[in-house]
Amino acid sequence: MRPIASAEIIAVGSELLTPSRLDTNSLAITERLRALGIALRAKAVVGDRASDLAAVFRGALERADLIILTGGLGPTDDDLTRDVVSEVLGLPMSIDDAIVEKIRARFARRSLEMPDVNRRQAQVPRGAIVLDNPNGTAPGLFIDHAGKIVILLPGPPRELQPMFEQVCAGPLSARAGAERSYTTSLFITGRGESHVEQKVQPIYSRWRDERPPIATTILAAMGQIELHLTVRDTDGARAQARLDRARDDLLAVIGDDVYSTDGRPMEQIVGALLSERGFTIAAAESCTGGLLMSRLTDVPGSSSYVRAGVIAYAYEDKTSLLGVPREMIETNGAVSEPVAVAMAEGIRERTKASVTVGITGIAGPGGGTPAKPVGTVVIAVIVPEQPVYVRTYTFIGGRTMVKFQATQAAMDRVRRMLL
């Protein structure tokens, strides 16, 4: 029996072609396939039109060993996944009475009568294995046909994910090859994508010629650059040792710009550093509107090191709440290095926190000037026994991006000063 080497995912549903709904199921499926060493070749989103779905499904059958379809298993006329798969594979369907009774019992537990349309969900193509769905009415289907594996999963994540976990632990694991994929990642901030590439390309280019090769992916995300290293091997310990050596090679040239090698986000890294040193933190925010403190307090246990946050948006509140001199604002402008430092000093005086941050800027889309365009943000950080840090940044993107990048830069500066 030939091992499954490649897969494609087809997400079914016209709602996924609108801006109001995202296909998040593919992310969870991709991660589980990666762990099994099954390479994902393509993902597609198809609306509720039988001819379109049939065309995409036929193409996937030509390219991949495993095709996973999500959604379209409900009881209504636009739930076409079963019908299309049955027609394309030439497998007639019949009603499975055991499924009908399970659906009927599910309705009965809520003192409801099962509508007759739900019988559609009990249609099973010839030879298919039924995948039980304890969280909904739509069972999944596992079809082994003509050398291809086809899996049909319900769309709701709470139904799909536990069902797919069972498939991965059972028939998919048995059909996957001996090789598995192993990954390690480095998360970098303070450098652009091209700068990172210039530093690391001479290193990772050598890995392509090794056997087995290490694949390197560089991704630019908001406020950070991600380096993902992947190797396929039959020996997990050997693969991890190779990845550890590769990670150390990269750390030698990127250094402190790497803030995480274990997947922890910046706010968790900063929180751990504060806890290790017995420090507390407080922030005075203007343009970020409390986002810095929100991210820090997203971490469980952050109450042990987070003291307070003040959002001083208006000029007069910078003065009344933080003690920023009015004359300083009038002379330098609210978005200026003296004001950012005064904000950090003001919150420090009022909270007695060990580490304090001041952030002031122009998030946009309005309010910019030629001298201080949209995206101008000034960040000040005060850490015990170190000089006060203050810098004027220019961030790109819309309001949300500017705010996030500002908080990322502020936490990164706290991180570097605490190292």
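The values are calculated or read from the model by the stated rules, or taken from the named source; none is laboratory data. On a predicted model such as this, the values are computed, not experimentally measured, just so you know. For neighbour counting, all protein chains shown are included, and Cβ atoms are generated from backbone atoms with ideal geometry for every residue, glycine included. Accessible surface areas use protein heavy atoms only, side chains included; no ligands, DNA or RNA. Shrake-Rupley method; radii C 1.70, N 1.55, O 1.52, S 1.80 Å.
General remarks:
- If you take the Cα centroid of segment 258-277 and the Cα centroid of segment 306-382, the two points sit 25 Å apart.
- Once the Cα atoms are used to define both axes, helix 399-418 deviates from the longest principal axis of the chain by about 70 degrees.
- Size of charge dipole - segment 261-419 - debye, nearest 20, with Cβ of Lys, Arg +1 and Asp, Glu -1, no other charges: 180
- Per-residue [θ]222 nm for the chain (sum of -39500 (n - 2.57) over DSSP H runs n ≥ 4, rounded to 500): -12000 deg cm²/dmol
- Accessible solvent surface per residue of segment 58-155, calculated while the other protein chains remain in place, 1.4 angstrom probe, Å²: 46
- Highest mean first, the peptides 18-25, 150-157 sorted by other C-beta atoms within 10 Å per residue fall in the order 150-157, 18-25.
- Test item: Cα-centred dipole of the chain, Lys/Arg +1 and Asp/Glu -1 on Cβ, debye: 440
- Descending by average beta-carbon neighbour count within 10 Å, the peptides 299-311, 76-88 line up as 76-88, 299-311, the highest first.
- Modelled spin-label separation between residue 21 and residue 193, with each label point placed 7 Å from Cα along the Cα-to-Cβ direction: 3.0 nm.
- For the chain, the longest principal axis of the alpha carbon atoms and the long axis of helix 193-207 meet at an angle near 50°.
- Cα gyration tensor shape for segment 151-246, rounded if a/c is under 1.5, else prolate or oblate: oblate
- Residue with peak Gaussian network fluctuation, the chain [Cα springs, cutoff 10 Å], from 52, 233, 257: 52
- Overall form of segment 1-87 per C-alpha gyration tensor (a/c, 1.5; a/b vs b/c): oblate
- Surface listing: 102, 199, 403, 318 arranged by accessible area from highest to lowest gives 102, 199, 403, 318, probe 1.4 Å.
- Helix axis angle, 97-109 relative to the chain longest principal axis, alpha carbon, degrees: 50
- Note on segment 119-170 and segment 179-203: Cα centroid distance 37 Å, given to the nearest whole angstrom.
- A dipole drawn for the chain from +1 and -1 charges on Cβ atoms has a positive end, and of 241, 198, 115 the residue lying farthest that way is 241.
- Fraction of accessible area attributable to carbon and sulfur, segment 279-419 (%, probe 1.4 Å): 55
- Summary of the geometry: segment 31-53 and segment 59-105, compared by the centres of their Cα atoms, lie 15 Å apart.
- Note on segment 129-202: dipole from Cβ charges, positive end direction compared against 184, 143, 155; the farthest Cα belongs to 184.
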